[in-house]
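*Asks:* Submitted below is the structure of interest, expressed as structure tokens.
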Amino acid sequence: MTGWSLVYEGFDPKNEMLRETLCTTGNGYFATRGAAPESADDGVHYPGTYLAGGYNHLGTEMSGRVIVNEDLVNVPNWLPLTFRIDGGLWFRLTDVEILHFRQEFNLKEGVLHRDLSFKDADGRTSRLVDRRLVHMAKPHLAALERNLTAEDWSGTVEVRSALDGRLINNGVKRYAQLNQQHLEPVLTCEGGGGVIVLEARTVQSHIHIAEAARTELYVDGVPVPGAAAEIAEEAGYIGTTLKLELGEGATLSVEKVVALYTLRDGTVAECATDAEKTAARAGRFDALLASHRRAWAQLWRRFGTEIEASDPEKTEHLAMLVRLHTLHALQTASPNTADLDVGLPARGWTGEAYRGHVFWDEVYVFPFYTYHMPEITRALLMYRYRRLDEARALARAEGCRGAMYPWQSGSDGREETQVVHLNPKSGRWVPDKSHRQRHVNVAIAYNIWEYFEVTDDIDFLSDYGAEMLLEITRYWASVATYDESRARYEIKSVMGPDEFHTDYPGTAEEAEGGIDNNAYTNVMVAWVMRAALKALDLLSGTRKRELWENLEVSEEELKRWRDIERRMYVPFHGDGIISQFDGYEDLEELDWDAYRAKYGDIHRMDRILEAEDDSGDRYKLAKQADTVMLFYLLPQAKVIALFENLGYGLTPEQILANIDYYEARTSHGSTLSRLVHAWILARHQPERAWTWYMEALESDYVDIQGGATREGIHMGVMAGTVDLLQRCYTGMEMRDGVLWLDPQLPKAIARLEFPVRFRGHEVVISVTRDALRIIAAQHQEGPVPIGYAGAVHNLAAGETMKFELARSAAICAF
């Protein structure tokens, strides 16, 4: 299975938490880190299971005031499964001599394997083989199989299987000083058929979480009837110990099947009862594995990317990383997400970094879902719609109209951005003003419109999307102020995507702060105004009238929107470079070489400067792409047209000059920055772009940020790198109902192939260095409109259309 496995040879305690993150198994409802079943939170391992949307608020007293944070909760651990021989030590890797160790994450099947041989303190040699899954088709189920072979011994084996709710959130050391006791016990009990049950609840949000486990023993495939069971219970914990005799050469198989429910699940009235019933009725491991494999096979048919490197020796690694990213995106949001009220967390459900919150990262991720299974995008957009009233309340609190979505969102849509954050370089808690990143509202509006463009889902736009668009537009219109001297509109006191500039130099720490006229924000607000006006024109007369009445929209208000769309201010340097914000040109240049020589890793220049009692506010630097995000979100022609509509000239040459200018002043402290630069340079400097792409593609795999990935994956870069292959390198763009293609593969790629869904059509796109092929599915209504080289071609069901890239005019259909 070339390129379908993430393999680790040898046990590496130093990197175990990174492996646990990357080997997380999940299904969109819950996910479990790849910690070993016998492991504990001990500094080497960090077992963690996370429920989609499973948040809880806790307060911590700091410097005489209570700081409240909402966290994604590490729910009861269903993994615990260990053994001992002849009354010896319970098995732990650190207590034995490891003779062989291999861990494989089968990406095709979503199954985690571990195969090891060891010699214990008494000289006994054993082989241990584990398999684990979190079921993709049955979202409440997980299963673990452990096979222990007595290579050269016989004796009494005790197996201990448990459910453990005695947990705190301890996966991010920066949060260690904060209150992390999110769970309290509710009940433990023994059910029928050897099932054990544990129920806990979160202390503030009162989410009841129940787990039930059924543990069965087999020797060489034969059930072990009536194995002596001993139940151990304490608050938040229940375990069962089973004892049997194992002969030399025999294999003991332990199957642990677990069900997880909450009181938020549909018709569930008693989550412990439902968990017990489901665990008791579930089949054996192999039966569950078969249906789990089938679900993954179906997902790969919809989302899979076939990729061949120009250097055949690099194909396997390249394909593995692309599939690893695809898998994690699907374990975060899957068909199971459609029935849930959850957003898209920036770090997936794989760890506790960013507290599981929802940011703007969805702008990088949604195209991955929209072009393959748009139902997932729709469900995630509904998370935003259900929190529209909270966004309205936030806008009112700022003295504004409309809806202002928060920078960080969790359970209910209130602003969850932390008030202070810890700088690990200085050890100081410093004010966090990132809530002023109002551009998250641009991202939400963009996501709504792009979803509609690809799907033509007029029902969503009419019932939900247009209302959000109009309220976001209304917010921006109330924030914008008119400057008589410029005869233009301005937006003040915000933060751009850069994140290093929270204030102007010399601003008091306690001041609300922000910078004025962030170019990315201002230009995209003009884009939002245009999108909202288009959306209004698309609605039926009845629905349009209803929205006008319900939102009390006036002609005068629409007139203001049209005026802002044409007269938004955009700052420029004197040399034609777009200024990241007003006053950026006056900031000092940073001595990048000096800081590299002093620190080596300077990705987080904000932390370095704060530790030196300095501030990033003083310098021309950025954590990540800011102004150049315009060229990532919008095709070049649309950017130029936007600027022309605003009364500014912008040429392709100026765009390249802007990219070069800001790339030289960006520390790339976010993995997303590499993704953006790979995209915006792909057509102009492809080799440089490929370097950025590979850094982005490998960023979590090698933990490029030096420990960040062990706290959780980065969803934006994982889904975004797959999307870049599919849209950027093929020039794929939805425009007026037509799927336009303009492929240009980098030298490193020989072939790309992937499926696409848009507006009810299904096609497969295949690109080599010489040819573009589009294959239409057999069963679909009407022709498929494909745009290439300035012309639109209609592709019939079951037909393949071929374009010779070297001779773009040559078209062959068969």
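*Asks:* Calculate the dipole size of the range 169-283 relative to its Cα centre from +1 charges on Lys and Arg beta carbons and -1 charges on Asp and Glu beta carbons; express the result in debye to the nearest 20.
*Replies:* That gives the range 169-283 a dipole magnitude of about 540 debye.
*Asks:* Place a +1 charge on the Cβ of each Lys and Arg in the chain and a -1 charge on the Cβ of each Asp and Glu, then give the dipole magnitude about the Cα centre in debye, rounded to the nearest 20.
*Replies:* It works out to roughly 1440 debye.
*Asks:* Can you give the FRET efficiency for Lys173 and Arg683, using 1/(1 + (r/R0)^6), R0 = 51 Å, r = Cβ-Cβ distance, to the nearest 0.05?
*Replies:* 0.75
*Asks:* I've got another one for you. Taking the chain as the reference, fit the longest principal axis to its C-alpha atoms, fit the long axis of helix 686-698 to the helix C-alpha atoms, and give the angle between the two in degrees, 0 to 90, nearest 10.
*Replies:* Relative to the chain, helix 686-698 is tipped by roughly 30 degrees.
*Asks:* Something else about it: For the range 365-461, what is the relative contact order in percent, using Cα pairs closer than 8 Å and at least 6 residues apart in sequence?
*Replies:* With pairs under 8 Å counted, the relative contact order is 23 percent.
*Asks:* Still on this structure, please answer the following. Starting from the Cα-Cα distance between Lys108 and Asn794, subtract it from 0.36 nm times their residue separation and give me the gain in nm to one decimal.
*Replies:* Roughly 243.6 nm would be gained on extension.
*Asks:* Just how large is the dipole of the range 249-352 about the Cα centre, in debye to the nearest 20, putting +1 at every Lys and Arg Cβ and -1 at every Asp and Glu Cβ?
*Replies:* Its charge dipole is roughly 240 debye.
*Asks:* Say a paramagnetic label sat at a point 7 Å from the Cα of Glu589, along Cα to Cβ; which residues of the range 650-670 have their backbone N under 18 Å from it?
*Replies:* In the range 650-670, the label zone of Glu589 (backbone N under 18 Å from the point 7 Å along Cα→Cβ) covers 657-667.
*Asks:* Another question, if that's okay. Could you point to the residue in Val66, Val254, Pro743 farthest towards the positive end of the chain's charge dipole, with +1 and -1 charges on the Cβ of Lys/Arg and Asp/Glu respectively?
*Replies:* Selected residue: Pro743.
*Asks:* Now for a separate question. Quick check for you: which residues of the range 486-512 have the amide N under 20 Å from the point 7 Å beyond the Cα of Arg428 toward its beta carbon?
*Replies:* 499-512
*Asks:* Using 10 Å bins from zero, what percent of all Cα-Cα pairs in the range 647-762 falls into each bin?
*Replies:* Reading upward from the zero bin: 12, 37, 34, 16, 2.
*Asks:* Considering Cα pairs under 8 angstrom that are at least six residues apart, work out the relative contact order of the range 546-619 and quote it in whole percent.
*Replies:* After rounding, I find 17 percent.
*Asks:* Pairs of Cα atoms under 8 Å, at least six residues apart: use those to get the relative contact order of the chain, whole percent.
*Replies:* RCO, the chain: 11 percent.
*Asks:* Picking from Ala295, Pro312, Gln331, whose Cα lies most toward the positive end of the charge dipole for the range 282-343 (charges on Cβ: Lys, Arg +1; Asp, Glu -1)?
*Replies:* Towards the positive end, the residue furthest out is Ala295.
*Asks:* Could you pull out the pairs from Lys108/Lys256; Lys433/Lys623; Lys14/Lys173; Lys559/Lys638; Lys173/Lys620 whose alpha carbons sit more than 27 Å apart here?
*Replies:* With Cα atoms farther than 27 Å apart: Lys173/Lys620.
*Asks:* R0 = 41 Å: FRET efficiency of His100 with Arg414, Cβ-based, nearest 0.05?
*Replies:* So the FRET efficiency works out to roughly 0.20.
*Asks:* Setting aside same-chain residues fewer than 8 positions from Lys802, which lysines have a Cα under 26 Å from its Cα?
*Replies:* Counting by Cα, and skipping residues close in sequence, Lys802 has these lysines nearby: Lys747.
*Asks:* At a 1.4 Å probe, what is the % contribution of carbon and sulfur to the accessible area of the range 711-777?
*Replies:* Using a 1.4 Å probe with all protein chains present, the range 711-777 comes out at 43 percent carbon and sulfur.
*Asks:* Convex hull over the Cα atoms of the chain, averaged projected area in nm²?
*Replies:* 36.2
*Asks:* Count the net charge of all other residues whose Cβ sits under 11 Å from the Cβ of Gly3, scoring Lys and Arg as +1 and Asp and Glu as -1.
*Replies:* 0
*Asks:* Additional query: Sum -39500 (n - 2.57) across every DSSP H segment of at least 4 residues in the chain, then divide by the residue count to get the 222 nm mean residue ellipticity, nearest 500.
*Replies:* The helix contribution divided over the chain gives -9000 deg cm²/dmol.
*Asks:* If the convex hull of the alpha-carbon atoms of the range 334-430 is projected onto planes in all directions, what is the mean projected area in square nanometres?
*Replies:* 7.6
*Asks:* Leaving out ligands and nucleic acids, and using a 1.4 Å probe, what accessible area per residue does the range 267-326 come to in Å²?
*Replies:* Here the per-residue accessible area is 48 Å².
*Asks:* In degrees between 0 and 90, to the nearest 10, how far off the longest principal axis of the chain does helix 271-281 point, with axes built from Cα atoms?
*Replies:* It is inclined by approximately 60 degrees.
*Asks:* Fully extended, how many nm does the chain gain between Ala777 and Val7 (0.36 nm per residue separation, minus their Cα-Cα distance)?
*Replies:* Net length gain for the segment: 273.7 nm.
*Asks:* Hey, can you rank 428-434, 617-623, 402-408, 568-574 by average C-beta count inside 10 Å, highest first?
*Replies:* 402-408, 617-623, 568-574, 428-434
*Asks:* Can you tell me the orientation of helix 652-663 relative to the chain, as the angle in degrees between its alpha-carbon axis and the longest Cα principal axis, to the nearest 10?
*Replies:* 50
*Asks:* Diagonalise the Cα gyration tensor of the range 37-96 and give the resulting equivalent ellipsoid semi-axes, square root of 5 times each eigenvalue, largest first, whole Å.
*Replies:* After scaling each eigenvalue by five and taking roots: 35, 15, 8 Å.
*Asks:* Could you tell me which residue out of Leu642, Gly574, Trp692 lies farthest along the dipole of the chain toward its positive end? Charges go on the beta carbon: Lys and Arg +1, Asp and Glu -1, centred on the Cα centre.
*Replies:* With unit charges placed on the Cβ atoms, the residue in question is Leu642.
*Asks:* Another one. Set the Förster radius R0 to 25 Å, insert the Cβ-Cβ distance between Tyr648 and Leu533 as r into 1/(1 + (r/R0)^6), and round the FRET efficiency to 0.05.
*Replies:* In this case the efficiency is close to 0.80.
*Asks:* Quick one: length gained pulling Glu190 to Ser63 fully straight, 0.36 nm per residue minus the C-alpha distance?
*Replies:* Length gained between Glu190 and Ser63: 41.2 nm.
The values are calculated or read from the model by the stated rules, or taken from the named source; none is laboratory data. Everything numeric here is computed off the predicted structure, so don't read it as measured data. For neighbour counting, all protein chains shown are included, and Cβ atoms are generated from backbone atoms with ideal geometry for every residue, glycine included. In case anyone asks, the SASA skips ligands and DNA or RNA and just uses the protein heavy atoms, side chains included. Shrake-Rupley method; radii C 1.70, N 1.55, O 1.52, S 1.80 Å.
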